[in-house]
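The values are calculated or read from the model by the stated rules, or taken from the named source; none is laboratory data. What you see is a predicted model, and the numbers here were worked out from it, not measured in a lab. With ideal geometry, Cβ positions are generated from the backbone for all residues, glycine too; neighbour counts draw on all protein chains shown. Keep in mind that these areas ignore ligands, DNA and RNA; they rest on the heavy atoms of the full protein, side chains included. Shrake-Rupley method; radii C 1.70, N 1.55, O 1.52, S 1.80 Å.
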Amino acid sequence: MTLQLTGASRRDLLKASVIGGGLVLSFSIAAKAEAAAGSGAQALNAFVRVAPDGIVTIMGKNPEIGQGIKTSLPMIIAEELDVPWENVRIEQADCEPKLYGSQFAGGSMATPMNWDDLRKVGAVARAMLVSAAATAWNCPSGDCKTDAGHVIHASTGRKASYGSLVGLCAGVAAPDPKTVVLKNPKDYKIIGKAKPQYDTGKIVTGQPLFGIDVRVPGMLFATFEKSPVFGAKVASADLDAARAVKGVRKVFVVEGGSRLDGLQPGVAVVGDTWWAARKGRNQLKTKWADHPTSKQSSAGYDKRAAELNAGSPMQSLRKDGDVEGALKGAAKTLEAAYSYPFLSHAPLEPQNTTAHFKDGKMEIWAPSQNPEPGRQLVASTLGIKPEDITVHMTRCGGGFGRRLSNDYMVEAAWIARETGAPVKLLWTREDDMHHDLYRPAGYHFFKGGVDAKGNVVAWQDHFVTFGDGAKVASSAGMGATEFPGRFVPNFKIDQSTIPTGVPTGPMRAPGSNAIAFVNQSFIDELAHAAGADPLAFRKQLLGDKPMVGEGPSAYNAGRMQGVLAAVEKMSGWAARGKLPAGTGLGVAFHYSHAGYFAEVVQASVAPATGKIKVEKVWVAADVGRQIVNPAGAINQVQGAALEGISHALYQKITIVDGAVKESNFTNYPLLRMADAPPVEVKFVTSDYPPTGLGEPALPPVIPALCNAIFAATGKRIRSLPIDTKQLKT
C-alpha cells in the first residue's frame, strides 16, 4: 500500500489505485474522492507501502540532519495506521515538492507543519483497510477495529492482516481526511514512546548515508578555490602547473557572480581522486583582484559600533512610554555594553555535492537542508529547466542552518557541466570555515532602571547590527516584541547598522542565540541591582497576566512561568546558598520557535586560572501536549544546550582584511566530550499543539552560564566567547 501527499498543506480528497499488489493512496485537490486502477499512479509520491507480508515502508519526506525527523515523522503515520513499529522500514525521499509538499530542515518546523496531515495519512489508510475487510466480511465497518497491522471483527474475533487486504482496497472509496477519526492519545502505542534513530546502526558501522559517501560510476573529484575576501574575482592563476599534477583531469576559472550564497568566482580543479585535485589546487598560486570590502575587520566593526552608539540611532524599532523620564525617576539605574562575534556553523561533514550533467539533464546528490531552493538556484545559474534537475537528498552530517544555503550545490553542478562527467565536489575544512554564511555579530548598548520595589520601570537598547540602512543582513535583525518588550512600561529599542562584506545567515535558533544572551544577562544585572533573587525577579517581571499580545507575536507568560517553576525545583535553586565558594547557579529563559524554555546552569571557576567547569545543566521545556519521540526529543535538547555552551566558551570568527582568520578546529575549538556536563531535561506538557525542539533549547543556556559565573565570581560576562583571563583573582 502506498500513501501519498501532494500539493497544499491541507488536502481535501484522496484517490486510490492498485499497482503491483499494493495500494496507492494520494492526497489531492480533486473535486471528490475516488478509487481507480491503472499505471498512472506510479508517478505519484509513494509515502507508505504495505507489502503482502505486512512490512510497511514509510518515506522520510524531510532532510535528515541529525535531528531525528526521518524517524519521528514516520512514527506519526505508523501510529494512526496502527502497525507495529518493528514492521516499519524507512526510506529517504527525493526532493519532489509537487508530491511531498515542503521539504526542508529548519526553524524547528517539521513537527508543527506535519503533525495534523501525517496523522490523517495514517488514519485514512486505516479506514480504507477496515472498509475493505468489512466489505469482504459483509458487515458494517463500525463492527471492525484494528490492532498491530490487522483488522479484527469485534464480535467474532475474525482477523485479517493488512497485507492480505491490499488487493481489496482499490474498490474502496477513500474517505475525506477531514472526516476520519484520529486516535485518542491515551491509545498511542508508538507516539510518545522512545525510539532510536532509524539510521543509528548504519552510522556506527560506517555504512554510506551521507553526501560525502556518495559514489556513482565514472565519478571524478573536484575542489574549488575561492578568494579569502568574499566575492573577489580571479586576477591570475597558474592553471598549467595544476594541470601538470598526476591525476588532474581539468582546471578552469569560474567567473561566478555577485551572490555570496551562490556561485562565486574561483578556480575548479578536477581529478581522478580528491587528493589529486587537492594537490593540483596547491599549485595554482592564485592572485585575487582587489575588492571593496578587503579593508573591513572585526576591530573596525567594534570601533564603528562604539561611534554609532555615541550618535543618534538610525531607526526606532519600538517605543513604549517615557524611557528617559522613567530612568530619571528610577531608584537604581544601570548601563551596560554587550557584544557577540560572528560564528561559523562548523558541521563535522564539510560541504559537498555530487552532480552529473548528461543529455541536458542534471542529477544531484546533496546533503542540503533546503533542497528545492537549491534546485532553483542551479536552474537559474546554469540556465536549465527546474524540471530537468533531479535532487537526491542524502543524510547531512550536521547543518545547524548552514545547509539552508546551497552554494556548494551550484558549484558542483557548474563544475560537472564543464567537466562532462559525474563529479563530487568536496570542500576542505578550511574552505568550510572560510566560506560560511556566518551567524552575525552584534552590539547592544543598554540602559535600565528599577524602582524601590524591584520592578523594572525602564529598558533601553541601542542595537548595532549589520546591514545597509534599515535593511539588515540575513539573520542580523531583532523583533520589536522580544522579551521584555510589552512587560516593561517604558521600553525602547533603537537600531543602527554597519555595512559588511561578510555573508551571514541563519544558525541554530537564528537571532535568539544571541538576543537571549544579552537580554537575559542584563535582566540578571537589574535583579542584582534590585537586591533580588534572579529567578524570583524573572517571575515578577513576567507578572500574573497569562497572555500578552495576539496572533503570531503572542507571548504566553503563563507557560514561561510554568517552565521557570519546573527548573527551579529541578535544580534545587532554593539551596544554592549552600554551594561551595567559587560555584554558582545561573538562570535564564527564552521563547523561540514556539517553544518556552527555562534553564539553570551550575558552574565553578578556578580562581588561580579562571578555568570554567560547567557542572550541570537543567532544562525545563514546554513544546505543547505531545512529544512524538522522547528519545529524539531529549537528544535534541541536550545537544542544543551543549552547542550553546560551546558557543559561550570557545567559538569566535575574526575578520581581518576582509577575510576570516580562523581556519580549522585548532583555532576554532568546539566543546569536547570531557568538558560536556550532564543535561537533565523535563518536558512540561500544556494543551497546545506540539512544536519543534531542534533550536529553542539553545538560547537560554548561554546567559544561564554567564549568570552562573557571576554568581560564582561576582564578575559579569558581557562579550563572547568568555575570556577566562578576566576571571582570575
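When each of Pro185, Pro177, Pro196 is tested for being modelled with pLDDT under 95 and closer than 24 Å to Met75 by Cα, the lone residue that passes is Pro177. Among residues of segment 246-271 that are more than 26 Å from Asn370 (Cβ to Cβ), those with a Cβ under 7 angstrom from a residue that is assigned to a strand (DSSP E or B) and among the hydroxyl-bearing types (Ser, Thr, Tyr), sequence gap 6+ or separate chain, pair up as Val269/Thr223.
With respect to the numbered conditions (1) open to solvent by less than 10 Å² (accessible area, probe 1.4 Å); (2) of a type outside the set (Ser, Thr, Tyr); (3) out of contact with any Pro (no Cβ under 7 Å at 6 or more places or on another chain), which one is the sole condition not fulfilled by Arg486? That leaves (1) as the condition not met. The residue list Leu308, Leu317, Leu334 contains one member that is closer than 25 Å to Glu482 by Cα, in a strand (DSSP E or B) and either β-branched (Val, Ile, Thr) or more than 32 Å from the chain's Cα centre (by Cα) (or both), which is Leu334. Take Pro208 and tell me if it is open to solvent by 50 Å² or more (accessible area, probe 1.4 Å) and either part of a strand (DSSP E or B) or in contact with a Lys or Arg (Cβ under 9 Å, 6 or more places away or on another chain) (or both). When the stated conditions are applied, Pro208 passes them. The set of residues in segment 550-568 being of a type in the set (Gly, Ala, Ser), open to solvent by 40 Å² or more (accessible area, probe 1.4 Å) and within 26 Å of the chain's Cα centre (by Cα) consists of Gly551, Ser553.
When you check Asp117 against the structure, is it at pLDDT 95 or above, over 17 Å from Met393 (Cβ atoms) and surrounded by fewer than 24 Cβ atoms within 10 Å (Cβ to Cβ), yes or no?
no
When Phe230, Phe224, Phe252 are checked against the criterion of being in a loop (DSSP other than H, G, I, E, B), open to solvent by less than 50 Å² (accessible area, probe 1.4 Å) and modelled with pLDDT of 95 or more, Phe230 stands alone in meeting it. Restricting Pro347, Pro367, Pro341, Pro373 to those that are under 30 Å from Ala527 (Cβ atoms) and within 21 Å of the chain's Cα centre (by Cα) reduces the list to Pro341.
For segment 535-577, the set of residues classified as assigned to a helix (DSSP H, G or I) and basic (Lys, Arg) consists of Arg538, Lys539, Arg559, Lys569, Arg576, listed by residue number. Counting the residues of segment 569-592 that are under 28 Å from the mean Cα position of the chain (by Cα) and surrounded by fewer than 22 Cβ atoms within 10 Å (Cβ to Cβ) gives 1.
For segment 694-720, a residue qualifies if it is part of a loop (DSSP other than H, G, I, E, B), at pLDDT 95 or above and of a type outside the set (Val, Ile, Thr), and the qualifying residues are Glu695, Pro696, Ala697, Leu698, Pro699, Pro700, Gly714, Lys715, Arg716, Arg718, Leu720. Has segment 434-451 got at least one residue that is at pLDDT 95 or above, within 29 Å of Glu335 (Cα to Cα), of a type in the set (Ser, Thr, Tyr) and open to solvent by 10 Å² or more (accessible area, probe 1.4 Å)? Within segment 434-451 (the criterion being at pLDDT 95 or above, within 29 Å of Glu335 (Cα to Cα), of a type in the set (Ser, Thr, Tyr) and open to solvent by 10 Å² or more (accessible area, probe 1.4 Å)), the answer is yes, since at least one residue qualifies.
Where in segment 396-509 are there strands (runs of 3 or more DSSP E), lying wholly inside it, with at least 3 residues that are within 26 Å of Gly266 (Cα to Cα)? Working first, answer last.
On the way: elements: 423-426, 442-450, 456-468, 491-498.
Counting at least 3 such residues, we get 423-426.
Filtering segment 155-186 to residues that are without any contact (Cβ under 8 Å) to a residue 40 or more places away in the chain and within 17 Å of Leu118 (Cα to Cα) leaves Thr179, Asn184.
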